[in-house]
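Below you'll find the structure, written out as structure tokens, and then a few comments.
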Amino acid sequence: MSRVEVLSPRSPVSFDFDIDVITSCSPRSPSGLSASFPREKRLTNAILAELLYTSSHVVHATEDDSEEVIVVPGLPPVYRGHREFHLRQGVMKAAQLTAECEPDAEKAFFVADLSYVYKQHLRWKKNLPEIEPFYAVKCNPDPYVLRLLAALGAGFDCASNGEINLVLPLVDPSRVIFANPCKATSFIRQSARAGVDMMTFDNTDELHKIARVHPGAKLIIRILTDDSKSLCRLGLKFGAPMVTVPALLGKARELNLDVIGVSFHVGSGSYDSNAFSDAVMRARMVFDMGKDAGYTFTLLDVGGGFEDPTFEASASVLKDAIEQYFPARDNLRIIAEPGRYYVAQAFSLAANVIARRAPPTAEDVDPDSENPSVMYYINDGVYGAFNCILFDHQSPQPYILSLDGSFHVPSTVPLRPSSVWGPTCDSIDCVCSVTQLPSTLQVGDWLAFDNMGAYTICAASQFNGFQVSKVTYTAGGEFGREVREALRTFAS
Ligand SMILES: *Cc1c(COP(=O)(O)O)cnc(C)c1O
């Protein structure tokens, strides 16, 4: 392992130094930057001063001091320290790169706190000890998230060959479920070769395909449940209606296929925990239909749709329903496919204000506007990390990371309605149509967004030539040691 520097966390103070080191960026006028952008210069200088101060407090980690930083071959390091510290660290680094005239110096970045994923796993075990989580890879196939969850004993819900190939180096194929009811025949054949046997279906064509290329598969019938009270209604696309189930099971029997259980998905972003109760009741009915078709089911897959804020409520409804509908369950294995639950809050995004459009004078700003007259442009948008706005019905809200050269935002700073936009040339690229931001917020300042781990990076595009924002990893707080311990399984 190479020598790694870890900067010690400290609480930043407001700074207003003046170091004349950055004005040489402009070949035209040596002091041009300070002349035309006095504030921007101050900001960069101040953050540089901060950086210089911090670097005198560097902790060096050497090979025998591997407690400090985890390095998995081919992946970026996992640092220690609180997420906020690394967000600020990134801002300071950007200031330094700006001073060095690096292209793309101010690019947006994620900070992922893997301790949060660990914490969610403990929370899962505490509330749903009987249910094995199979993490839904599509939600965020981050290499460290996958490694951490693999080390913690989770399984994986995959929807494609690509996802299966991501997790098979990490876990045994028995810990993978191919939970896409409509698969390409070549994908089914490939999963047979890889030894991935558990897969879902919800139609007879799928049964014919599976009988042809993976006759030894262990099938799970995906049933339709009431997802009308969820944001992402997966039932529009998947799930066998109850009335079709007996015929489907009859067909499976006729084709000599092994159906081992039932799965459902109450919908992503469900705001009604009772959906789980209704779904478990339907699953019970399908277990009985299985009996009629000559099967003894042994697997119940309760799907995903668990949300951070309502997790305990959903878990409690689910446990009660399982107790009610499956009172004798010695021979029953129960699994789930949580996605967003594990990662949503583990990732934050920092984005730089790269441009602003505002009325020429403060008097012209309409303070009560529903359509704010002040518009900020940041360097990630709906074609990138914020695709969750379009695809996952989210409304991320920014907070101020740095304002006027300081990480300290005075509580007295006046706010005004503003809108926040992504960097592309498409008008659909709106991150926030109305939000309250400080009237002093300007180009060069940084915004941050929490809750950016689910359905963000994985679907980000490079539309218009903007790169996908990179991730800085940390394992901070009380579970840092456990996370490093778990990841060491994969470190060289
Ligand atoms: C998307 C998906 C999940 C994960 O959903 P979350 O809302 O992120 O928990 C689980 N199972 C299947 C089949 C899915 O399609």
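Might you check whether a residue that is without any contact (Cβ under 8 Å) to a residue 24 or more places away in the chain, surrounded by fewer than 24 Cβ atoms within 10 Å (Cβ to Cβ) and away from the ligand (no atom under 16 Å from the Cβ) occurs anywhere in region 127-144? Yes, region 127-144 has at least one match.
Answer with yes or no whether R175 is in the same structural domain as N140 (by TED's automatic domain parsing), free of Cβ contacts under 8 Å to residues at least 60 places away in the same chain and in contact with a Ser or Thr (Cβ under 8 Å, 6 or more places away or on another chain). Criteria not met by R175. Screening the candidates F311, F264, F297, F306 for the property of being in the same structural domain as R189 (by TED's automatic domain parsing), farther than 27 Å from D450 by Cα, within 12 Å of the ligand (Cβ to nearest atom) and touching a residue at least 12 places away in the same chain (Cβ under 8 Å) yields one hit, F264.
Being surrounded by fewer than 24 Cβ atoms within 10 Å (Cβ to Cβ) and either in a strand (DSSP E or B) or not assigned by TED's automatic domain parsing to the domain that holds N451 (or both) holds for only one residue in Q96, Q120, and it is Q120. When V91, V111, V171 are checked against the criterion of being away from the ligand (no atom under 16 Å from the Cβ) and closer than 23 Å to G216 by Cα, V171 stands alone in meeting it. When each of A217, A194, A184 is tested for being away from the ligand (no atom under 14 Å from the Cβ), closer than 16 Å to C158 by Cα and without any contact (Cβ under 8 Å) to a residue 24 or more places away in the chain, the lone residue that passes is A184.
Among the residues of region 285-292, is there at least one that is within 16 Å of the ligand (Cβ to nearest atom) and either among the basic types (K, R) or out of contact with any Gly (no Cβ under 7 Å at 6 or more places or on another chain) (or both)?
No, because not a single residue in region 285-292 is within 16 Å of the ligand (Cβ to nearest atom) and either among the basic types (K, R) or out of contact with any Gly (no Cβ under 7 Å at 6 or more places or on another chain) (or both).
The values are calculated or read from the model by the stated rules, or taken from the named source; none is laboratory data. From a predicted model like this one, the values you see are computed outputs, not experimental measurements. No Cβ is skipped: glycine too gets one built from the backbone with ideal geometry, and neighbour counts run over all protein chains shown.
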